[in-house]
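The values are calculated or read from the model by the stated rules, or taken from the named source; none is laboratory data. Owing to the predicted nature of the structure, the values given are computational and were not obtained by experimental measurement. All Cβ positions, glycine included, derive from the backbone under ideal geometry; neighbour counts span all protein chains shown.
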Amino acid sequence: MSTDRTTPPPATLEQLLQRGDVWRGHSQYFISQDAVDTGYPPLNSALLNNGWPLSSLIEICQPSAGHGDWLLTAPCAQHLLQKQPHGYIVLLNPPALPFSQGMLFSGIPLEQLVVVQITAKNDFIASFVELARASSCALLMAWQPKQALTYTELRKCQLATADGSGVYLLFRHNRQRLESSPASLRLTTQLNSQHLQVHILKQRGQLRPGSAAIDLPLPDYAQTYKPHRQLEDTPTSPNVANDQVFAPYQPRRNVLALRINRGRPLKVKRSAG
């Protein structure tokens with residue numbers, strides 16, 4: 001008994017080019033996608049979609065945690081919450097708890113901020129995948145756990161972002177910048193006293209990423225605060241280069257430095273209330 005099996009015709013070249021996993025070199029028609037304003041015109045102009053790409057994995061490599069995380073993402077967070085009033089900003093495995101006054105000063109409502117602490121790498125990947133697919137997650141900021149993610153694990157995260165509609169950022173150490181990654185956009189950040197320096201390592205649709213660094217000016221309020229340790233007569237060397245700018249966001253200790261008549265600093269812990 002013979003059965004007639006109809007063989008589907010082979011795909012045409014035009015059909016193949018319409019696939020999302022096929023890239024046509026310098027052509028930008030096929031890599032066009034929705035994006036959200038970064039809040040920095042110089043950075044927007046350097047990105048192919050004039051903003052942070054949506055539904056994509058964005059990898060940010062830093063010398064250490066806290067090199068302009070919130071300075072880079074706060075404007076984007078505001079735009080996303082305006083478009084999605086009932087959405088959430090989710091922090092996955094952050095290096096420190098966010099400073100509530102700093103969040104409010106940046107225009108981020110605390111009731112729309114969710115913190116998820118994960119230690120095991122498998123739990124981190126599972127959490128990232130579920131959060132990326134959640135429609136209520138407008139912005140996901142994830143910090144890689146101590147165990148570095150492999151290419152296969154990064155691929156799982158990247159595939160999950162394609163099912164979502166938000167902005168998905170993964171912060172990693174600078175030493176991972178030389179490793180292969182499936183992320184659609186990869187960049188490094190370096191914070192100094194005057195600028196937040198951004199360098200694009202890779203972005204999908206661009207054969208040769210720009211070699212010139214992008215200097216993003218710091219807001220005025222970020223240059224007026226001194227770190228807590230510099231309030232004393234003999235400040236110690238900061239362990240993190242951006243203490244001066246990051247102090248209003250994540251104070252290192254919940255301690256006030258006061259001055260008494262003899263010039264000796266008196267440290268008083270803040271009350272829990």
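Figures for the structure shown
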item	result
Residue that is surrounded by the most Cβ atoms within 10 Å (Cβ to Cβ) [pool: residues in the stretch 178-198 that are part of a loop (DSSP other than H, G, I, E, B) and over 14 Å from the mean Cα position of the chain (by Cα)]	SER181
Scope the stretch 45-90; condition charged (D, E, K, R) and either outside the structural domain of LEU154 (by TED's automatic domain parsing) or crowded, with 19+ Cβ neighbours inside 10 Å (or both); matching residues	GLU59, ASP69
Matching entry among PRO248, PRO227, PRO217, PRO209 (being over 25 Å from GLY87 (Cβ atoms) and at pLDDT below 55)	PRO227
Of all residues in the stretch 43-99 being among the charged types (D, E, K, R) and either closer than 23 Å to LEU154 by Cβ or under 13 Å from the mean Cα position of the chain (by Cα) (or both), the one that is modelled with the highest pLDDT	GLU59
Hits in the stretch 157-177 (condition: crowded, with 19+ Cβ neighbours inside 10 Å and not in a strand (DSSP E or B))	CYS157, GLN158, ALA160, THR161, GLY164, GLY166
Some residue of the stretch 113-130 being crowded, with 21+ Cβ neighbours inside 10 Å, in contact with a Gly (Cβ under 6 Å, 6 or more places away or on another chain) and closer than 28 Å to GLU179 by Cα	no
Residue pairs meeting the criteria (Cβ under 7 Å; at least 6 apart or on separate chains; first more than 21 Å from LEU57 (Cβ to Cβ), in the stretch 174-197; second among the acidic types (Asp, Glu))	HIS195/ASP215; GLN197/ASP215
Residues being closer than 30 Å to PRO217 by Cβ and modelled with pLDDT of 70 or more - total across the stretch 1-42	10
Test: LEU110 is in contact with a helix residue (DSSP H, G or I) (Cβ under 7 Å, 6 or more places away or on another chain), among the aliphatic types (A, V, I, L, M) and surrounded by fewer than 17 Cβ atoms within 10 Å (Cβ to Cβ)	yes
Residues being on the phi < 0 side of the Ramachandran plot and in contact with a Leu (Cβ under 6 Å, 6 or more places away or on another chain) - total across the stretch 61-86	4
Test for VAL129: is it in a helix (DSSP H, G or I) and within 17 Å of the chain's Cα centre (by Cα)	yes
